[in-house]
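**Q** I'd like to ask some things about the structure below.
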């Protein structure tokens with residue numbers, strides 16, 4: 001995966017050129033037992 005993550009206060013921003021890479025990151029976060037609620041926003045078409 002070619003993505004970059006930035007911590008911005010209480011948010012983690014993940015950026016990347018390929019939509020498939022970003023969707024893969026979202027799937028990993030959803031599938032992991034991280035003990036925190038996650039929201040995904042600002043996902044552009």
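**Q** Suppose we filter the stretch 1-22 for residues that are touching a residue at least 12 places away in the same chain (Cβ under 8 Å), closer than 21 Å to residue 36 by Cα and in contact with a helix residue (DSSP H, G or I) (Cβ under 9 Å, 6 or more places away or on another chain); how many remain?
**A** 1
**Q** How about the stretch 15-28: which of its residues are over 10 Å from residue 1 (Cβ atoms) and in contact with a strand residue (DSSP E or B) (Cβ under 9 Å, 6 or more places away or on another chain)?
**A** Matches in the stretch 15-28: 15, 26.
**Q** Sort out which residues of the stretch 1-14 are in contact with a strand residue (DSSP E or B) (Cβ under 9 Å, 6 or more places away or on another chain), farther than 13 Å from residue 40 by Cβ and either loosely packed, with under 10 Cβ neighbours inside 10 Å or at pLDDT below 95 (or both), and write them in order of number. Break it down stepwise before answering.
**A** Within the stretch 1-14, the first condition is being in contact with a strand residue (DSSP E or B) (Cβ under 9 Å, 6 or more places away or on another chain), and the residues that meet it are 3-7, 12-14.
Retained after the next criterion (residues that are farther than 13 Å from residue 40 by Cβ): 3-7.
Result: 4, 6, 7.
**Q** Any idea how many residues of the stretch 23-45 are touching a residue at least 12 places away in the same chain (Cβ under 8 Å) and surrounded by 10 or more Cβ atoms within 10 Å (Cβ to Cβ)?
**A** 4
The values are calculated or read from the model by the stated rules, or taken from the named source; none is laboratory data. Given the structure is predicted, the values throughout are model-derived calculations rather than measurements. Positions of Cβ are generated from backbone atoms using ideal geometry, with glycine treated the same way; all protein chains shown enter the neighbour counts.
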